[in-house]
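First up is the structure itself, then whatever we jot down about it.
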Amino acid sequence: MNGSQSGWAQHRLLASRRLEFMGAPMHALTMTETLGIAEEAMAFRRPLLHTVINVAKLVNMGKNPELYEDVTGADVISVDGMGVLWGARLCGVKVPERVAGVDIMINLFDLCAARGFRPYLLGAEQQVLDNVALRLRRDHPSLVVAGMHDGYFDTADEDAIVAAINATDADCLFVAMPTPRKERFLKRYRDVLVPNFVMGVGGSFDVYGGKVARAPQLVQALGAEWLFRVAQEPSRLWPRYYETNIAYASLLWRELRSRPIRR
């Protein structure tokens with residue numbers, strides 16, 4: 001399949017899988033399909049912006065019009081959180097599986113190593129970045145990292161950082177900054193960034209670099225990964241998760257009550 005045929009097939013796939021839940025668009029894609037879309041974007045040099053939806057982001061999108069605009073403007077929106085997956089299914093929105101941002105990133109590291117694509121890593125603390133680079137050298141000795149920059153910079157420095165990223169001619173860009181900062185950064189610069197596949201990965205560098213532990217598979221499957229994270233940083237994370245989870249439960253209840261009326 002040539003580039004134009006591939007582009008048309010990808011466009012049809014994304015259009016047919018774009019759904020809406022609680023006012024937020026998302027794509028009902030599997031992990032395999034998501035990775036295939038990312039690979040095509042890099043192989044055929046077709047710019048693509050990817051983001052994810054989880055409970056916290058879904059709640060905050062309702063309160064922050066700028067965040068809503070930034071998220072809904074992405075080309076691919078994956079369902080990251082189990083709470084969103086279960087809530088969507090409960091409301092009759094057919095989502096095949098959870099496609100977590102950290103798992104996409106790790107799988108794309110594998111893909112980059114196999115296909116010779118070069119990632120750029122932006123965000124997190126310098127020590128975390130150094131640990132990510134060490135692990136990548138251990139896991140993928142053949143992988144060439146196009147460049148790295150920590151996430152501690154001012155808005156005034158962004159143009160220079162984008163220029164430095166572009167100078168590396170990287171194939172993909174992973175941005176490990178918190179919401180809504182990473183969404184705003186990617187929306188602002190998506191049209192000038194050279195990397196063809198661009199995605200925000202939040203705290204995924206912290207996980208891959210070993211700063212924080214990833215919840216066991218069983219805990220993830222039970223939808224309690226957020227609780228595992230809270231146990232590691234209770235004073236910082238408990239207020240945030242408590243507020244967003246309560247808000248999401250209220251929104252979901254209202255959504256469930258309104259659906260029979262719409263039918």
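The values are calculated or read from the model by the stated rules, or taken from the named source; none is laboratory data. Since this is a predicted model, take the numbers as computed values, not measurements. Neighbour counts run over all protein chains shown; Cβ positions are idealised from the backbone, glycine included. SASA here: full protein model, heavy atoms, side chains in, ligands and nucleic acids out. Shrake-Rupley method; radii C 1.70, N 1.55, O 1.52, S 1.80 Å.
Scanning region 236-253 for residues that are open to solvent by less than 100 Å² (accessible area, probe 1.4 Å), within 19 Å of Met22 (Cα to Cα) and either among the hydrophobic types (A, V, I, L, M, F, W, C) or free of Cβ contacts under 8 Å to residues at least 60 places away in the same chain (or both) gives Ile246, Ala247, Ala249, Ser250, Leu251, Leu252.
For region 150-176, enumerate the residues that are assigned to a loop (DSSP other than H, G, I, E, B) and either open to solvent by 50 Å² or more (accessible area, probe 1.4 Å) or touching a helix residue (DSSP H, G or I) at 6+ places or on another chain (Cβ under 7 Å) (or both). Asp150, Tyr152, Phe153, Asp154, Asp169, Asp171 - these are the residues of region 150-176 that are assigned to a loop (DSSP other than H, G, I, E, B) and either open to solvent by 50 Å² or more (accessible area, probe 1.4 Å) or touching a helix residue (DSSP H, G or I) at 6+ places or on another chain (Cβ under 7 Å) (or both). Does any residue of region 127-149 turn out to be outside any helix (DSSP H, G or I) and charged (D, E, K, R)? Within region 127-149, not a single residue is outside any helix (DSSP H, G or I) and charged (D, E, K, R). Under the condition of being among the aromatic types (Phe, Trp, Tyr) and not in a helix (DSSP H, G or I), the residues counted in region 109-126 number 2. The condition of being under 30 Å from Gly7 (Cα atoms) and touching a helix residue (DSSP H, G or I) at 6+ places or on another chain (Cβ under 8 Å) holds for only one of Gly223, Gly200, that being Gly200.
Which residues, counting only those in region 193-230, are at pLDDT below 90, open to solvent by less than 20 Å² (accessible area, probe 1.4 Å) and either closer than 24 Å to Leu134 by Cβ or among the aromatic types (Phe, Trp, Tyr) (or both)? Listed by number, the list holds a single entry, Ala215. When residues in region 177-188 are screened for being assigned to a helix (DSSP H, G or I) and crowded, with 19+ Cβ neighbours inside 10 Å, 5 of them pass. One residue stands out among those in region 57-74 that are without any contact (Cβ under 8 Å) to a residue 60 or more places away in the chain and touching a helix residue (DSSP H, G or I) at 6+ places or on another chain (Cβ under 7 Å): the one that is surrounded by the fewest Cβ atoms within 10 Å (Cβ to Cβ), which is Tyr68.
Taking region 187-218 as the range and being touching an Asp or Glu at 6+ places or on another chain (Cβ under 6 Å) and closer than 17 Å to Asn54 by Cα as the test, only Ala215 passes. Taking the conditions (1) of a type in the set (Lys, Arg); (2) open to solvent by 30 Å² or more (accessible area, probe 1.4 Å); (3) touching a Pro at 6+ places or on another chain (Cβ under 9 Å) in turn, Arg89 satisfies each one other than (3). For region 104-128, which residues satisfy the criterion of being more than 27 Å from Thr32 (Cβ to Cβ) and more than 18 Å from the chain's Cα centre (by Cα)? Hits for region 104-128 are Glu125, Gln126, Gln127, Val128.
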